[in-house]
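> Okay, here's the structure, questions in a sec.
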Amino acid sequence: SWTTGNVIEEQVAAIRAQVGDKRAICGLSGGVDSAVAAALVQKAIGSQLTCVYVDHGLMRKNETEQVEKDFVAATGANLKVVDAQERFLTALAGVSDPETKRKIIGREFIRVFEQAQLEILQEEGPEVAFLVQGTLYPDIVESGGGTGTANIKSHHNVGGLPEDLEFELVEPLRQLFKDEVRMVGQELGLPEEIVQRQPFPGPGLGIRIVGEVTKERLDLLREADAIAREELTAAGLDREIWQCPVVLLADVRSVGVQGDGRTYGHPIVLRPVSSEDAMTADWSRLPYDVLAKISTRITNEVADVNRVVLDVTSKPPGTIEWE
Ligand code: XMP
């Protein structure tokens with residue numbers, strides 16, 4: 001019968017058989033899937049695994065610390081953190097177009113991750129032959145099945161490595177659905193904040209700033225987002241809503257009055273949605289007192305924000321994210 005204990009036992013045995021005495025690399029995104037996949041592989045092969053976390057500076061408040069401290073404390077995994085914040089900010093400078101932002105973030109991410117892979121290969125030698133991925137059952141069904149290998153082309157000019165490296169994939173979650181992955185993660189002792197995390201886009205806060213992405217704007221949005229999350233959690237609404245993007249309209253200003261002066265600040269948009277699978281969504285009818293608390297706190301505590309607005313659009317026609 002299906003129990004998380006059985007799944008873990010089976011997968012640990014399978015991973016050991018697959019990897020043998022070779023070594024593996026796993027990229028951590030801060031999300032549930034990569035964390036659970038890494039924890040499973042860690043349980044199976046211990047120090048033969050090296051995890052990589054690319055800090056692109058687009059995460060929400062405390063999320064990087066959750067990976068760096070709590071994930072490592074819970075699993076004992078070897079973690080290589082790459083601080084790429086400056087690199088991403090530089091690449092995003094002057095860019096406002098959503099698709100261009102996504103492309104830049106995706107491209108930089110792959111470059112930084114591949115560079116980290118090459119460094120690990122240089123440090124640990126050719127027995128690094130496996131790449132762990134948190135692929136779930138629905139991902140496999142949607143992409144028409146098939147597993148295999150990942151290629152990394154050595155266009156970085158790091159000496160002493162083959163022209164074209166091939167990693168065999170380890171995908172310990174490929175038979176699982178999301179809720180099962182969370183249960184396995186819980187059983188493996190991962191922190192609640194990681195296991196129960198709501199969906200968060202790969203490009204992070206980069207696509208929640210309407211306008212150019214700058215360090216100041218990211219810091220501002222991180223504060224506003226943290227307040228919204230804190231109040232939603234305090235009100236016990238985390239399970240009820242699918243996710244609640246918090247968006248900074250950096251290209252918009254409106255007039256306000258705060259203290260004894262006129263202000264000319266930015267609006268923050270709250271986008272709470274309920275959904276089954278993110279393909280369609282409805283805006284969540286959050287209690288007014290919760291909305292009031294979030295609004296008061298954000299306008300009081302976050303400099304340069306003088307207005308909080310609620311997005312009451314379903315999907316379609318609106319997407320969940322603003323970009
Ligand atoms: P949209 O905005 O298309 O979002 O209604 C649907 C779901 O997907 C998430 N999302 C992303 N996730 N990389 C991701 O990993 C992305 O580029 C991305 N864009 C949107 C979004 O948060 C929502 O859950």
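> Which net charge results when you count Lys and Arg as +1 and Asp and Glu as -1 among the other residues whose beta-carbon is under 13 Å from that of Ile298?
Working: positive: Arg222, Arg229, Lys293, Arg297, Arg307; negative: Glu223, Asp225, Glu230, Glu231, Glu301, Asp304.
Residues close to Ile298 contribute a combined charge of -1.
> Kindly rank 35-41, 283-289 from highest to lowest mean number of other beta carbons found within 10 Å of each residue.
Output ranking for 35-41, 283-289: 35-41, 283-289.
> For an R0 of 22 angstrom, estimate the FRET efficiency from the Cβ-Cβ distance between Tyr137 and Val81 and round to the nearest 0.05.
Given R0 = 22 Å and the Cβ-Cβ separation, E is 0.15.
> Give me, ordered by chain and number, the residues 5 or more places off Phe200 or on other chains with an amide H under 5 Å from its own placed amide H.
Correct list: empty.
> Moving on to the next point. With a 1.4 Å probe and every protein chain left in place, work out the accessible area per residue of the chain in Å², rounded to a whole number.
48 Å²
> Calculate for the chain the 222 nm mean residue ellipticity that helices alone would give, adding -39,500 (n - 2.57) per DSSP H run of length 4 or more and normalising by residue count, nearest 500 deg cm²/dmol.
-12000 deg cm²/dmol
> Of the peptides 71-78, 297-304, how do they stack up when ordered by the mean number of other Cβ atoms within 10 Å, highest first?
71-78, 297-304
> On full extension of the chain, what length is gained from Ala13 through Ala93, given 0.36 nm per residue of separation minus the C-alpha to C-alpha distance?
Gain in length upon complete extension: 24.1 nm.
> Now for a separate question. Between Gly265 and residues 5 or more places away or on another chain, which pairs have amide H atoms under 5 Å apart, with H built 1.01 Å from N, and which residues are they?
Here Ser254, Gly256, Asn306 satisfy the definition.
> State the extension gain, in nm to one decimal, for the chain segment bounded by Ala303 and Ala73, taking 0.36 nm per residue of separation less the distance between their alpha-carbons.
79.3 nm
> Can you list the residues, at least 5 places off or on another chain, whose amide H is less than 5 Å from the amide H of Val52, using H built in the peptide plane?
Amide H neighbours of Val52, under 5 Å, 5+ apart: Cys26, Gly27, Leu28, Lys80.
The values are calculated or read from the model by the stated rules, or taken from the named source; none is laboratory data. Just so it is clear, the structure is predicted and the values come from calculations on it, not from any experiment. Because the Cβ atoms are built from the backbone with ideal geometry, glycine has one as well, and the counts that use them run over all protein chains shown. Please note that ligands, DNA and RNA were not included when accessible areas were found on the heavy atoms of the full protein model with its side chains. Shrake-Rupley method; radii C 1.70, N 1.55, O 1.52, S 1.80 Å.
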